[in-house]
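Have a look at the structure below, then the notes.
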Amino acid sequence: QVQLVESGGGLVQPGESLTLSCAASGIIFKIYRMGWYRQTPGKQRELVASITPGNSTNYADSVKGRFTVSRDKEKKTVYLQMNSLKPEHTAVYYCNTDPMISRFWGRGTQVTVAS
């Protein structure tokens, strides 16, 4: 059974940083390109960052230079370092493969940026 468990979200003030983690189990982690997605109420879930098994990364224009995705093959974990956060980064953040596999969605982790 595949499980992707996101953690690390919380309430932060503008300008602060957060690092999200996504622990994977039940999949051959090393073969998948992994992505971080986010969703806000009334909007579709969007891909914000992805990383290949070879550690090549790709970012949405809205987060380039601010977010960094990384992965630890031994721990089967993907990370999203988010710096200089703004209120518009408030969302529920999820990880999944890229392209996503619908049955892999976890519960996500809420990130709220507010003063």
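Whole number in Å², please: accessible area per residue of segment 1-70, 1.4 Å probe, ligands, DNA and RNA not counted.
Values: 3920 Å² over 70 residues.
Averaged over the residues of segment 1-70, the accessible area is 56 Å².
Once you list every other residue whose beta carbon is under 15 Å from the beta carbon of T40, what net charge do they have if Lys and Arg are +1 and Asp and Glu are -1?
+2
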Cα gyration tensor shape of the chain, rounded if a/c is under 1.5, else prolate or oblate by comparing a/b with b/c | prolate
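Exactly which GluC sites (Glu not before Pro) in segment 1-94 are in a DSSP loop and have at most 10 other Cβ atoms within 10 Å? Let's see the in-between values first.
On the way: sites: E6, E16, E46, E74, E88; in loops: E16, E74.
Sparse-neighbourhood loop GluC sites (Glu not before Pro): E74.
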With the full set of protein chains in place, find how many percent of the accessible area of segment 29-68 is carbon and sulfur; take the probe as 1.4 Å.
-> 44 percent
Reachable aspartates and glutamates from K86, Cα under 20 Å, same-chain residues fewer than 8 places away excluded?
-> E16, E46, D61
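Using a 10 Å Cβ count of at most 14 others and DSSP loop calls, identify the longest part of the chain lacking such trypsin sites (Lys or Arg not before Pro). Let's see the in-between values first.
Numbers: sites that count: K43, K64, K73, K75, R107.
Counting only loop sites that pass the neighbour cut-off, the longest clear stretch is 1-42.
The values are calculated or read from the model by the stated rules, or taken from the named source; none is laboratory data. For clarity, every value in this text was computed on a predicted model and none was experimentally measured. So basically every Cβ, Gly included, is an ideal-geometry build from the backbone, and we count neighbours across all protein chains shown. Please note that ligands, DNA and RNA were not included when accessible areas were found on the heavy atoms of the full protein model with its side chains. Shrake-Rupley method; radii C 1.70, N 1.55, O 1.52, S 1.80 Å.
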